[in-house]
Structure formats: C-alpha cells, structure tokens
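Novice: Have a look at this one.
The values are calculated or read from the model by the stated rules, or taken from the named source; none is laboratory data. A quick note: this is a predicted structure, and the numbers were derived from the prediction, not measured. Methodologically, a virtual Cβ is constructed for each residue, glycine included, from the backbone with ideal geometry; neighbour enumeration extends over all protein chains shown. For the accessible areas, the whole protein counts, side chains as well, though only heavy atoms, and no ligand, DNA or RNA atoms are used. Shrake-Rupley method; radii C 1.70, N 1.55, O 1.52, S 1.80 Å.
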2 protein chains.
Amino acid sequence: MTGQVRTVDGRVAGRRGQATRQKLLDCLSEMLNSSPYRDVKVIDVARKAGTSPATFYQYFPDVEGAVLEIAEQMASESSSLSEVLEGRSWVGKAGWQTAQDFVDDFLDFWKKNDAILRVVDLGAAEGDKRFAKLRLKILNSATTPLTGSIKELQAKGRVDKDINPAAVSGALVVMLSGVTSQLKGFQTWGVKQADLRPTLAQLVHLGVTGKKPTK
Amino acid sequence: MTGQVRTVDGRVAGRRGQATRQKLLDCLSEMLNSSPYRDVKVIDVARKAGTSPATFYQYFPDVEGAVLEIAEQMASESSSLSEVLEGRSWVGKAGWQTAQDFVDDFLDFWKKNDAILRVVDLGAAEGDKRFAKLRLKILNSATTPLTGSIKELQAKGRVDKDINPAAVSGALVVMLSGVTSQLKGFQTWGVKQADLRPTLAQLVHLGVTGKKPTK
DNA sequence: ACTTGTCCTGTCATGCTGTCAGCTTACCGA
DNA sequence: TCGGTAAGCTGACAGCATGACAGGACAAGT
C-alpha cells in the first residue's frame, strides 16, 4: 500500500538504505530541537549521521522535503488524539473531566513534537500546501471529534443553534497549540504551568458547552 | 533617547545612510511577504534595494538582525491595541460590542503584520530571547488591558475568584493570533470569514466574563 | 581646491548546495 | 563458487551565499 521507499533518482531502497534514510531523519529531528530552522544545514545533518551530503540528497530533495517526511510520520501518530473524546460526556462533573483529559492529551502531544510542529506551522502559514494539508490532518484528529461533540449538544438543544461548531473547535484547538509553543511567554506573565492546564480546560469547556464547568 | 542609528562598524549613519538602511528594511519586509523565511537571502534583498550585499552587512549583522529591527518598529505601533479596551464595559449588550471590537482590532493588526509576526513567533518559540521579548511587548498591549478587565470583574464579584486572569487573557490572545496566521486552514474546515469573527468574539466574551453574551 | 567623514562597492576567502560519475557492497541465480 | 545486477555511498566540482576589508565616490564645510 505505502508504495516502496524510493531514492530521488528512482531506485528502490533496501534494508540498508532505509536505515541510513531513517538515521538522517532522526538526526534532522534532533537538530531541529537544538537549533533554529533557518540554520539547519544539509551538511550538518549529514555529518551528524556519519555520512556525506551527497547521501542526503539521494533520499531527499532538500531539508524541507525531509521535514515533511518526519511530519508525516508524526501525523499518523496524531490519530490517538481523537480517541480521548470517544463516548465521553460533556455534562456535569464528567464534562469537566472530559475537558481536562482532552487538554492534557493535546498538550502532551504538542509538547512532545514541539520542534517539528513549529516548522509545519510556519510552512502552512507561509502558504505551502503540503504543510497546510499535513497540519490539517493533525489538527483534524482533535477538531473532528470536538466538532462532533458540539453538534451533538446542539442536537439535544443544550447549545445554541447559531454557533458554528467547526469554527469554535478550530479556534480552541489553535489556542491549545499556540499556548504550547509559547509556554515560556506565559511564565513571563507570571502564569505557572500548574495554573495553565485548568485554565485551558475551563476555556475549552466554556467554548464547547457555553457553560462554566461544575468542578 | 533612541540613540543614533549606527552602522555595524560603529559609524553614525547620516541622512543618506538612513534612507538606504530603511530601503533595505522595506525590501526585506516585502520579501518576507512573498517567500519562505528560510529562503530569504541577503543577496536578494540587496539586489531588490538596488544595492550590494556588502551594504546590507554594513547596517545589519544578518537577516535575523534586520528582521528584529522591522519587528521593533511594528511593536511600537502595537500600543494602539491597548486603547480599544479603555473604559469599556463587559456587561450586557455593551459587553458583546466590546468583545467584537477587541477581536476586530486584534485581527486587523495581526493580519496586517502577518509575515513579520510569523517570524517573531518562530524566533520566540525557538528560544531566542530577543524575539521572545518583542513578542511579549506586542502581546502585552492586548493582554494587559484584558487581564485588567478580568481583575475588575473579579473585584466586583462578577467572575469567580479561582480563575487566573493572566492565564485566561494570555490564552485568548494566543488563540486570536493563531487563528489569524492560519486563516486558510479554517476555510478548509468550511468556516467562512464572516462566521469566524463572531465566533471568536463569543469565545473572548465567554473567557472574560464566564457568561454567554447578550446579543 | 582641500579636507573630513559618510557612504557604497569590488574583491576575495570561506563555506554550503546540489549533481554526477564511479567505486564499493550486498544479494541472487546458475 | 562465481559472475551479474542493482543498491549504496562518496569524492570532486561548479555555482552561489556569506561576511570582511580596503579603497573609491560623494557631499559639505572651509
């Protein structure tokens, strides 16, 4: 299904080839964690992987191409985000717990993949469709079930009909992702980590149900 | 106060020098709007400004340094954001209007300075303190008065004591900025621009007051 | 015209990019 | 066991960006 892994010049990658390819991706991943995206050079990645730039170009067209690859691997892991909300209630104390769990899962995922997501965000914001698509895929794992929850509540008459479920859940998810990538900023505002999660859960609950949670 | 504008090698820039310096900044600004940050090269900026790379390096240490300069100019314009909330009410219909105006102003500002803010965000997220400080300065124009509003409401007993005003306003502002830089994503979710603003205003109102607005 | 200090650019050493030809290595069938 | 074939890697190279410097052009005052 996945099609065979191929080199830039069309060869089929074997076991050894896939290993070096993966090593390059891992090294790139590390570099993104430690240095600014703008300063990540092919030659550094290659050196770190104990190989030569020419080898890098055998597997990827450029740095961007390799980043896309990493991001794709990550995107397939993001589906776990959608499971948290399955069959969960948004009413009463259970609702408050749902909001908290959702926020926790999302924040953990985002923090873990911090560096790549930063680059994906940038690419998407700059109008690159491949990055935008990928970003969407990731965010969808969160927004789709959220939107579903809101629609359900609307159907039961618990939420006003005039609100747009997709817009609300999109905004909430963007909020969570934004907060994660700028955690340090919040520290400067004197906001402690411990205060942040409940605050976000509160906002999510408010956004979804339109009501303050019962704690 | 601002100190004289100086070249990298310490000379004082005269009238002509400041003009070319500004021209370089303008051209860089344009380039950021049209091409990915990673691909912006000194040589292109210089060419576009009708000068040579050497001239660029006379005024700025590197591309990043020049971006910081642009961002600083923008940051001083951001103070206008704090004026919208002065003396505004968060109660009843007036409150709904306040939320809408706030969202409108913020979105307009963010959209206007889209490209630079993207880079500032990236720099801050990557841990560069200069960018983080700048970003804070800009966001503070929005969060400070928002936080103030929430504190006032708390003092009047209209908002629960156990919420953290700084955390809430920070999260809301991050939400607004995130939504703006990813507008295209929302279109893909089938959310129209016209739906987005009221949705965001609603969320801001909910976050600040804990109650649904009376429209 | 001369001096002074600002302003700009030609030039150069250095380093990264991206491509190619060609060498080495692993696998497989006879 | 022995080629044959395709995968895998790299040295070499041309092209371009970087960043530093020295020196020439220019404007303004004397």
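Novice: Using helices alone, what [θ] at 222 nm do you get for chain B, with -39,500 (n - 2.57) per DSSP H run of 4 or more residues, divided over all residues and rounded to the nearest 500?
Specialist: The helix-only estimate for chain B comes to -22500 deg cm²/dmol at 222 nm.
Novice: Dipole size in debye (nearest 20) for the range A:1-127 around its Cα centre, Lys and Arg Cβ +1, Asp and Glu Cβ -1?
Specialist: 580
Novice: What nm distance separates the two modelled labels at A:Lys133 and B:Val12, each placed 7 Å from Cα along Cα→Cβ?
Specialist: 5.8
Novice: Just grab the label-to-label distance for A:Val5 and A:Thr214, each label 7 Å out from Cα along the Cβ direction, in nm (one decimal).
Specialist: Distance between the two pseudo-spin positions: 5.3 nm.
Novice: Can I ask one more? I need the trypsin sites (Lys or Arg not before Pro) found in the range A:50-158, filtered to DSSP loop residues with at most 10 other beta carbons within 10 Å of theirs.
Specialist: A:Lys156
Novice: With every protein chain left in place and a probe of 1.4 Å, what is the accessible surface of B:Met74, to the nearest 10 Å²?
Specialist: 10
Novice: Please find the FRET efficiency linking A:Gln22 to B:Lys192, where r is the Cβ-Cβ separation and R0 is fixed at 45 Å, and quote it to the nearest 0.05.
Specialist: Using R0 = 45 Å, I get an efficiency of 0.60.
Novice: Given label points at 7 Å from Cα along Cα→Cβ, what nm distances, shortest first, separate B:Gly190 from the same residue in every other copy?
Specialist: 4.6
Novice: For the range B:5-38, list whatever residues lose no less than 40 Å² of accessible surface once every protein chain is in place, relative to that chain by itself, with the probe at 1.4 Å.
Specialist: B:Tyr37, B:Arg38
Novice: Within the range A:1-33, list the residues whose amide N lies under 16 Å from a label point set 7 Å along Cα→Cβ of A:Ser76.
Specialist: Counting only backbone N, you get A:1-6, A:13, A:18-19, A:21-23, A:25-26.
Novice: To continue, here is another question. Hey, which aspartates and glutamates would be in cross-link range of B:Lys48, C-alpha to C-alpha under 13 Å, not counting anything within fewer than 8 residues on its own chain?
Specialist: Within the straight-line cut-off, B:Lys48 pairs with B:Asp26, B:Glu30.
Novice: Place the label 7 angstrom along Cα→C-beta at B:Glu30 and in each other copy, then list the distances from the first to the rest in nm, shortest first.
Specialist: Label point to label point, same position, other copies: 4.3 nm.
Novice: Pull up all non-local amide H partners of A:Ala13: gap of 5 or more, or a different chain, and H-to-H distance under 5 Å with H placed in the peptide plane.
Specialist: Placed amide hydrogens put A:Val5, A:Arg6, A:Thr7 under 5 Å from A:Ala13.
Novice: Also, quick follow-up: Distances from B:Lys151 to the same position in the other copies: list them in nm, one decimal, shortest first, using label points 7 Å from Cα along Cα→Cβ.
Specialist: 4.4
Novice: Which residues, if any, in the range A:200-215 lose at least 50 square angstrom of accessible heavy-atom surface (probe 1.4 Å) when the other protein chains sit next to their chain rather than the chain being alone?
Specialist: Buried by 50 Å² or more upon assembly, which counts only protein chains, are A:Leu203, A:Leu206, A:Lys212.
Novice: Which residue, chosen from A:Val67, A:Pro213, A:Ser141, occupies the Cα position most advanced towards the positive end of the dipole of chain A, where the dipole is computed from +1 (Lys, Arg) and -1 (Asp, Glu) charges on Cβ about the Cα centre?
Specialist: A:Pro213
Novice: Determine the relative contact order of chain A: mean sequence separation of Cα pairs under 8 Å and six or more apart, normalised by residue count, in whole percent.
Specialist: Dividing the mean separation by the residue count of chain A yields 21 percent.
Novice: Taking a threshold of 27 Å on the Cα-Cα distance, which of the pairs A:Lys192/B:Lys151; A:Lys192/B:Lys156; A:Lys137/B:Lys161; A:Lys133/B:Lys111 fall above it?
Specialist: Flagged as over cut-off: A:Lys137/B:Lys161.
Novice: With bins 5 Å wide starting at 0, give me the P(r) of chain B over every alpha carbon pair, in whole percents.
Specialist: Reading the bins upward from 0: 1, 7, 13, 16, 15, 13, 11, 8, 7, 5, 3, 1, 0.
Novice: Using the heavy atoms of the protein chains alone and a 1.4 angstrom probe, what is the accessible area of the range A:31-89 per residue in square angstrom?
Specialist: It amounts to 48 Å² per residue over the range A:31-89.
Novice: Another question, if that's okay. Hey, any idea what % of the protein assembly as shown's accessible area is carbon plus sulfur with a 1.4 Å probe?
Specialist: That fraction is 50 percent.
Novice: Chains A and B: buried accessible surface, both sides, probe 1.4 Å, rounded to 100 Å²?
Specialist: Buried area between the two chains comes out at roughly 4200 Å².
Novice: Need the C-alpha centroid separation for the range A:21-55 versus the range B:96-157, integer Å.
Specialist: 35
Novice: Could you tell me which of A:Trp110, A:Thr55, A:Val40 has its Cα farthest along the dipole of the range A:25-124 towards the positive end, charges placed at Cβ (Lys, Arg +1; Asp, Glu -1), taken about the Cα centre?
Specialist: So the residue we want is A:Val40.
Novice: Determine the principal axes of the Cα atoms in the range B:1-61, then give the extent along each, sorted from largest to smallest and rounded to whole angstroms.
Specialist: Between the extreme Cα coordinates on each principal axis of the range B:1-61 lie 34, 24, 18 Å.
Novice: Give me log10 I(q)/I(0) at q = 0.07, 0.11, 0.13 Å⁻¹ for the protein assembly as shown, Debye formula, one equal scatterer per alpha-carbon, no solvent.
Specialist: -0.38, -0.89, -1.16
Novice: I would also like to ask the following. When the accessible area of each residue in the range A:148-168 is compared between its chain alone and the complete protein assembly (1.4 Å probe; ligands, DNA and RNA ignored), which residues differ by at least 10 Å², being lower in the assembly?
Specialist: With the partner chains in place, the range A:148-168 has these residues losing at least 10 Å²: A:Asp160, A:Asp162, A:Ile163, A:Asn164, A:Ala166, A:Ala167, A:Val168.
Novice: Okay, next question. I need the calculated FRET efficiency for the pair A:Asp162 and B:Asp160, taking r as the beta carbon distance and R₀ as 22 Å, to the nearest 0.05.
Specialist: 0.25
Novice: Can you work out the Karplus-derived ³J(HN,Hα) for every residue in the range A:38-54? Use 6.51 cos²θ - 1.76 cosθ + 1.60 with θ = phi - 60°, whole Hz, and x for glycine or proline.
Specialist: Each residue's phi maps through the Karplus curve to give 4, 9, 6, 10, 3, 4, 5, 4, 4, 4, 4, 8, x, 9, 10, x, 4 Hz.
Novice: Next question, about the same structure. The range B:41-99: which GluC sites (Glu not before Pro) are DSSP loop and have at most 15 other beta-carbon atoms within 10 angstrom?
Specialist: Passing sites in the range B:41-99 are B:Glu86.
Novice: Could you run the Karplus curve 6.51 cos²θ - 1.76 cosθ + 1.60 with θ = phi - 60° over the range A:83-88 and give me ³J(HN,Hα) per residue in whole Hz, x for Gly and Pro?
Specialist: In residue order, the calculated couplings are 6, 4, 8, 4, x, 8 Hz.
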